[in-house]
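All remarks here apply to the structure that follows.
The values are calculated or read from the model by the stated rules, or taken from the named source; none is laboratory data. These numbers were taken from a predicted model, which means no experiment stands behind them. So basically every Cβ, Gly included, is an ideal-geometry build from the backbone, and we count neighbours across all protein chains shown.
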Amino acid sequence: MTIWITGANGFIGRHLVRELAAAGHAVHGVGHGALDATEIRRLGLRSWINGEIDAANLNALAAAHGAPARVFHLAGGSSVGVSIERPFEDFSRTVASTARLLEWLRGSAPDCALIAASSAAVYGADHVGPIPESAAPAPMSPYGEHKLMMEQMCRSYARSFGIRCTIVRLFSVYGPELRKQLLWDICSRLKGEPQRLDLGGTGREIRDWTDVRDVARLLAVLAERSPQDGFSVINGGSGRGTSVADIADGLVRQWGNATAVHYSGIGRPGDPVSLLADDASLRHTGFAWTIALDRGLADYVAWFRQQAS
């Protein structure tokens, strides 16, 4: 298949490109980042456009390579903190880019199936235990609000114009090449061999951690399925919750030092206490997560040390 990925140069995007290219698909990307010809080939892309998700760039891709059979929409905001500091920037990256993509699909590739990456942040707070896709959204940050707006636009275009769209609500994706968020922050500080590591929150916050290599495989599986008519939402989580304290302790253990971890007890704005997927819908597809957390943390520490050396 001919597959386009918006945000193909991002953390998840780069892993997904490799997964799809290895399966023999012709993968083209559009998004931000200057990639030379060598890097484009190394990633597995047939072509890359460095720019906005807009009609001009999408038309250029279609003119050069034909219309896509699938589009993965991974472009958009990726940080709760940034969304609070610069909400309009997050809106533009997530909501406006989706509107432009949907409008282009409506006019130029109505038979293409869209797979859009959303976030568990749409669920918000006050959830105890696994969260089903049917739970009422209640985002508590601009990031979550904008992801929900993106979903609502996709639903609207599915109902009004027949665009086939699958929303995948991703939970806490980690793994090699992640250069921000909790794991990056902890390893960056462990590099200095501190005796004490101070983190925000309580350490009891629960998240559904999934390795990016498994996530890329999940998205590739969805690309292979015959797309259904209309609009659907599926949780891209494992159904297994792990506390922030267990993640921090696991990284310290993999690092191999005796750093003591302490918590401020003060939560961050926009940060729910628990985000855990009800994975029943995903299990019905036959997909299975394969990378255990201990292995994922070990691989992340090994990658971090290699790139930091």
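Annotation: of all residues in segment 37-58 being more than 22 Å from the chain's Cα centre (by Cα) and over 18 Å from Ala26 (Cβ atoms), the one that is surrounded by the most Cβ atoms within 10 Å (Cβ to Cβ) is Ala55. For Cys154, the criteria (1) touching a Cys at 6+ places or on another chain (Cβ under 6 Å); (2) assigned by TED's automatic domain parsing to the domain that holds Gly200 hold in every case but one, which is (2). Taking the criterion of being touching a strand residue (DSSP E or B) at 6+ places or on another chain (Cβ under 7 Å) and of a type outside the set (Lys, Arg), the residues of segment 161-185 that qualify are Ile163, Cys165, Thr166, Ile167, Val168, Leu170, Phe171, Ser172, Val173, Tyr174, Gly175, Leu183. Report whether or not Gly24 is touching a Lys or Arg at 6+ places or on another chain (Cβ under 6 Å) and either closer than 20 Å to Ala60 by Cα or surrounded by fewer than 18 Cβ atoms within 10 Å (Cβ to Cβ) (or both). Taking the combined requirement at face value, the residue does not satisfy it.
This table checks each residue for (1) small (Gly, Ala, Ser); (2) in contact (Cβ under 8 Å) with a residue 24 or more places away in the chain; (3) farther than 24 Å from Ile84 by Cα.
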| site | (1), (2), (3) |
| --- | --- |
| Ala116 | yes, yes, no |
| Val122 | no, yes, no |
| Ala125 | yes, yes, no |
| Val128 | no, yes, yes |
| Ile131 | no, yes, yes |
| Pro142 | no, yes, no |
| Met153 | no, yes, no |
| Arg159 | no, yes, yes |
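Applying the criterion of being of a type outside the set (Gly, Ala, Ser) and in contact with a Gly (Cβ under 7 Å, 6 or more places away or on another chain) to the residues of segment 5-21, the residue that is surrounded by the fewest Cβ atoms within 10 Å (Cβ to Cβ) is Arg18. All of (1) farther than 16 Å from His32 by Cα; (2) within 20 Å of the chain's Cα centre (by Cα) hold for Ala69 with one exception: (2).
Only one of the numbered conditions (1) without any contact (Cβ under 8 Å) to a residue 40 or more places away in the chain; (2) in a helix (DSSP H, G or I) is not met by Ala288, and that is (2). Of all the listed residues (Glu103, Glu85), the sole one being more than 20 Å from Gly175 (Cα to Cα), assigned by TED's automatic domain parsing to the domain that holds Ala121, among the acidic types (Asp, Glu) and without any contact (Cβ under 8 Å) to a residue 24 or more places away in the chain is Glu85.
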